[in-house]
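J.: The structure's right below; bear with me while I get my questions together.
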Amino acid sequence: MPNPTTLATTPHVAFVPIADKDKALAFYRDQLGLTLIEDQSPFALIFDLNGTMLRATFVGDFKPHPFTILGWRVPDIESTCRELSAKGVPFNRYPGMNDSDPLAIWTAPGGTKVAWFTDSFGNVLSLQQD
């Protein structure tokens, strides 16, 4: 008898709220470089996140949360920050961060490096290098 499908072994889907198609395309496709898979749905834009589906869901007016809702593990955070900065993505600075770091990268006590930025709708996104 085959094992039943479990959530731990099936593909997952990530969601991010958006309010405007053109702004979402300009940010997620053009600035971040994500591959657009579908833009014909009245409910969401679909992007590929290296094999994971990202549904940028139309929600109309909403208030973004002040915490990270989507992030990426990257092998070289400094070069990724420079690349995104060159495409016009500004990085966030928070209290307690080293203000002298030109890339706004924070190093956690355990050594993980993190940089935060917001999309066109105020959603907080992050980069992480372990």
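J.: To the nearest 20 debye, what is the magnitude of the charge dipole of the chain about its Cα centre, counting +1 on the Cβ of each Lys and Arg and -1 on the Cβ of each Asp and Glu?
T.: On the way: 10 positive and 14 negative charges, 36 e Å.
Approximately 180 debye in magnitude.
J.: Moving on to the next point. Express in whole angstrom the spacing between the alpha-carbon centres of segment 94-130 and segment 17-50.
T.: Taking the Cα centre of segment 17-50 as reference, the centre of segment 94-130 is 23 Å away.
J.: Another question, then. Short version: ³J(HN,Hα) in whole Hz for each residue of segment 75-87, in order, from phi by Karplus 6.51 cos²θ - 1.76 cosθ + 1.60 (θ = phi - 60°), x for Gly and Pro, what are they?
T.: Per residue, the Karplus-derived 3J(HN,Hα) values read x, 9, 5, 4, 5, 5, 4, 4, 4, 5, 4, 5, 8 Hz.
J.: So, one more: Carbon and sulfur together cover what percent of the accessible area of segment 86-130 at a 1.4 Å probe radius?
T.: Numbers: 1230 of 2290 Å².
Result for segment 86-130: 54 percent of the exposed heavy-atom area is carbon or sulfur.
J.: Name the chymotrypsin sites (Phe, Trp or Tyr not before Pro) in segment 5-50 that are in a loop by DSSP and that have at most 14 other C-beta atoms within 10 Å, would you?
T.: Working: sites: PHE15, PHE27, TYR28, PHE43, PHE47; in loops: PHE43.
Here the chymotrypsin sites (Phe, Trp or Tyr not before Pro) that fit, given the DSSP loop and packing criteria, are PHE43.
J.: Using the heavy atoms of the protein chains and a 1.4 angstrom probe, tell me the accessible area per residue for segment 1-68 in square angstrom.
T.: Details: 4720 Å² over 68 residues.
I get 69 Å² per residue for this part.
J.: Can you tell me the Rg and the Dmax, both Å, for the Cα atoms in the chain?
T.: Rg, Dmax (Cα atoms, Å): 16.3, 60.
J.: Residues with beta-carbon under 15 Å from that of ARG93, excluding ARG93: net charge, scoring Lys, Arg +1 and Asp, Glu -1? Walk me through the numbers before you get to the answer.
T.: On the way: positive: LYS113; negative: ASP99, ASP101.
That works out to -1.
J.: Now for a separate question. Please check the chain for the longest run free of trypsin sites (Lys or Arg not before Pro) that are loop-located per DSSP (anything but H, G, I, E, B) and have at most 15 other Cβ atoms within 10 Å.
T.: 1-86
J.: Once Lys and Arg get +1 and Asp and Glu get -1 on their Cβ, which of SER100, GLY71, GLN31 lies farthest toward the positive end of the dipole of the chain?
T.: Result: GLY71.
J.: Report the gain in length on full extension from GLN40 to VAL13: 0.36 nm times residue separation, minus Cα-Cα distance, nm rounded to one decimal.
T.: Working: separation 27, 0.36 × 27 = 9.72 nm, distance 1.82 nm.
So the extension gain works out to 7.9 nm.
J.: On a full-extension model of 0.36 nm per residue, what is the gain between THR6 and THR57, subtracting their alpha-carbon distance, rounded to one decimal in nm?
T.: Working: separation 51, 0.36 × 51 = 18.36 nm, distance 2.52 nm.
Result for the pair: 15.8 nm of gain on full extension.
The values are calculated or read from the model by the stated rules, or taken from the named source; none is laboratory data. For clarity, every value in this text was computed on a predicted model and none was experimentally measured. Don't worry about glycine lacking a Cβ; one is built from the backbone with ideal geometry, like all the others, and counts go over all protein chains shown. Heavy atoms of the whole protein, side chains included, go into the accessibility calculation; ligands, DNA and RNA do not. Shrake-Rupley method; radii C 1.70, N 1.55, O 1.52, S 1.80 Å.
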